[in-house]
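The values are calculated or read from the model by the stated rules, or taken from the named source; none is laboratory data. From a predicted model like this one, the values you see are computed outputs, not experimental measurements. Here the Cβ positions follow ideal geometry from the backbone for every residue, glycine too, while neighbour counts run over all protein chains shown. For accessibility, only protein heavy atoms count, side chains too; no ligands or nucleic acids. Shrake-Rupley method; radii C 1.70, N 1.55, O 1.52, S 1.80 Å.
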Amino acid sequence: MNFESFAEFIDMGGHGLYVWLSYGIALAVMVINVVNPLMHKRQIFSEQARRLRREKQKS
Amino acid sequence: MAENKWLPRWFYQLASPRWCYDITGKLLPIFVILTLLTLVTGTVWALAFAPADYQQGNSFRIIYIHVPASILAQSCYMLMALAGAIGLIWKMKVADMVAKSCAPIGASLAILSLVTGAIWGKPTWGSWWVWDARLTSMLILLFLYLGVIALNSAIESERTAAQSTAVLALVGLVNIPIIKYSVDWWNTLHQPATFTLTERPAMPAEMWVPLLVMVIGFYCFFAVVMMLRLRNEIIQRERRSRWVRTLITG
């Protein structure tokens, strides 16, 4: 461990705001990159399922 | 295609959307596990165990996000241009889909690189932003990504959209060596590359080993989100085919 206490770890030698902000933004970017395609997938599947049902009713 | 088989078999298999969908389905869980392992290890190592820099103190820890994001933003661009070129030359649909999927991921990584750079610049250089060669060429990279995304959504025909974005991506490829050598060609505030193929890193191993872990983690992460987007794109474009129909109706 590079830090003596948890408070010191949070403070990052006075640079806490910069460090945690960077890591927070990185986490946010990653979460968006995963959630976005997963939601899109659900949307595509439900849209296509609806379309297939409609086509079945017509025939 | 059966006529000229001078390329390996897997190259032609890659051209089959269905084969790609199946293989990415098998690869995804492996890469999810690899991503979690490397990123969690790397982050804990970077934040708590790597030593602080003797000049920059703990703000140096931003490097563990900034460098991998910058490397990936450029690798992603090269993949996008390569896939675009393959799509242009062999008219391969899957390559077009790969190129299209790259753009939003690359844009988000370029933003992450620029934002973490700005946050790092404040305590280190005393300024959020300077019009320096490295920073400016990285900003141009972001604009290239945004241009590709805009072009993709502006053109109705998938084929035409793929062709025009491929040309844009290939023209923009000239920016990649500019980013790389900007720190050598111009006087700059930005420090030179941490990793080079020819020399050992200038920083001690306790610092660069976790960085390497993070870079590998980012590559694995990219593979995961890339496959997620590619699979969506395949389903979307192959929706009329029989195998997608059975996949959807279950």
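A few notes on this one:
- Residue in the range B:132-153 that is buried (at least 20 other Cβ atoms within 10 Å of the Cβ), more than 22 Å from residue B:195 (Cβ to Cβ) and within 14 Å of chain A (Cβ to nearest Cβ) present: yes
- Of all residues in the range B:146-157, none satisfies being closer than 18 Å to residue B:63 by Cα and free of Cβ contacts under 8 Å to residues at least 40 places away in the same chain.
- Residues satisfying the stated conditions in the range A:32-50, i.e. open to solvent by less than 80 Å² (accessible area, probe 1.4 Å) and either at the interface with chain B (Cβ under 8 Å from one of its Cβ atoms) or touching a Pro at 6+ places or on another chain (Cβ under 9 Å) (or both): A:33, A:34, A:36, A:37, A:40, A:41, A:44, A:45, A:48, A:49
- Of the residues screened, residue B:106 is one that is more than 22 Å from residue A:21 (Cβ to Cβ), open to solvent by less than 10 Å² (accessible area, probe 1.4 Å) and either part of a helix (DSSP H, G or I) or aromatic (Phe, Trp, Tyr) (or both).
- Number of residues in the range B:120-131 that are assigned to a loop (DSSP other than H, G, I, E, B) and within 14 Å of chain A (Cβ to nearest Cβ): the value is 3.
- For the range B:121-130, the count of residues that are closer than 20 Å to residue B:215 by Cα, free of Cβ contacts under 8 Å to residues at least 24 places away in the same chain, surrounded by fewer than 20 Cβ atoms within 10 Å (Cβ to Cβ) and not hydroxyl-bearing (Ser, Thr, Tyr) is zero.
- Positions within the range A:22-31 being facing another protein chain (nearest Cβ under 7 Å) and over 15 Å from residue B:46 (Cα atoms), in sequence order: A:25, A:29, A:30
- Output for the range A:1-21, where each listed residue is more than 7 Å from chain B (Cβ to nearest Cβ) and either of a type in the set (Lys, Arg) or part of a helix (DSSP H, G or I) (or both): A:6, A:7, A:8, A:10, A:11, A:14, A:16, A:17, A:20
- Restricting the range B:174-206 to residues that are among the aliphatic types (A, V, I, L, M) and assigned to a helix (DSSP H, G or I), the residue that is surrounded by the most Cβ atoms within 10 Å (Cβ to Cβ): B:179
- Answer residue from the range B:231-246, given it is hydrophobic (A, V, I, L, M, F, W, C) and more than 9 Å from every other protein chain (Cβ to nearest Cβ) and is least open to solvent (accessible area, probe 1.4 Å) among those: B:234
- Among residues of the range B:189-214, those that are at pLDDT 85 or above, closer than 24 Å to residue B:125 by Cα and aliphatic (A, V, I, L, M), counted: 2
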